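The values are calculated or read from the model by the stated rules, or taken from the named source; none is laboratory data. Bear in mind that the values here come from a model prediction, so they are computed numbers and not experimental data. Here the Cβ positions follow ideal geometry from the backbone for every residue, glycine too, while neighbour counts run over all protein chains shown.
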Amino acid sequence: MPLEFGLWRVDDKPVRIATRPMRLEARLEELIEADPEILGKPLLLISRQVQTDHGKFIDLLGIDAEGGLHVLELKRDRTPREVVAQLLDYGSWVQDLSNERVREIYTTYARGRGLPQELDEAFALRFGGSPPDALNGSHTLTVVASEVDAATERIVTYLASGYQVPLNVLFFRYFEDEGRSYLARTWLIDDAEAAVSTGTKGRTKQEPWNGTDWYVSFGDEPGGRSWKDARQYGFVSAGGGDWFSRTIRSLPVGARVFTHIPKVGYVGVGAVSGEPRPFADAVLTVDGESRRMADLSLQGGYRPDSVSAAAESDTADRREWIVPIAWEQCVPREKAFWRTGLFANQNSACKLRARFTIEEVSRYFDID
């Protein structure tokens, strides 16, 4: 049966609040755009009335913290068959959107609205972190309605429950009480977060990688590795376990690394100039001469004896691995560069696909 719920004022005895037809269901679109929290889930709106390749216009398009897209379509005066068919058509278009196309859609929407022009920055402001490497790995289709009839309920439940179509209804009820207006909401299907993988169908959902740039996380901490050493002698390093050193050992000679100190910012850009080696075997070029790193005057601790006895008893490789770097530009820790939306990752090293980060850091360090 169709969804129904009530609202009572209980200042004294219970008084049921009158339900009213919403004067303009299209106003829901404006309310959601003004405050997406109305939906009851964290979303970043990336477009309103975006035109598909088939000449149709999606009412609202959003993205969640995992990079999944959300298509929101108002029912208006259409029949259940019409609105559901329209959403399925939109889904067939949305599932093929590439990473770059998603970003273009957002930039077009943000322009002229006083919003950050880059999706990375807007995403960080909304969710507190940089976007995942892959955008549009899933999508969800939602009918937004001020009322829902039995036919719509049957069709949506059949497709979602029987065939795992990522389809749901967000149902609003409009109330008026002593000159004030209220909205109440509920979902037709409890698992409103359900979504299915859309597949790539030949289109990359990740930002393209230029084949050269890498991200490096350099843990500059008291008693541990020192960024002052890394700047002076030209290297990055990681260790303390296979998980930490495995990715940094994969850095190829010639790769360009964007080096980031966690919770501080980007401090240097340079090229890998030698093969990764454990600290005891590491050789760095100092004033044109090859020097064993173990013979250098260092402020940080990189030796195996700096690891606790309990860790040393572990059979895992906990050595510090050193990667020689020819710095193109680098700055002291206190001059590190950071702005909302820049890429940060817990891996010691990974491919850097974030175009926004590459452009902003390169601009800061005045490099190509």
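Key figures for this structure:
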read-out: Among residues of the range 352-368, those that are more than 18 Å from residue 129 (Cβ to Cβ) and touching a residue at least 24 places away in the same chain (Cβ under 8 Å), counted; value: 5
read-out: Entirely in the range 225-318, the helices (runs of 4 or more DSSP H) that have 3 or more residues that are crowded, with 19+ Cβ neighbours inside 10 Å and at pLDDT 95 or above; value: 227-233
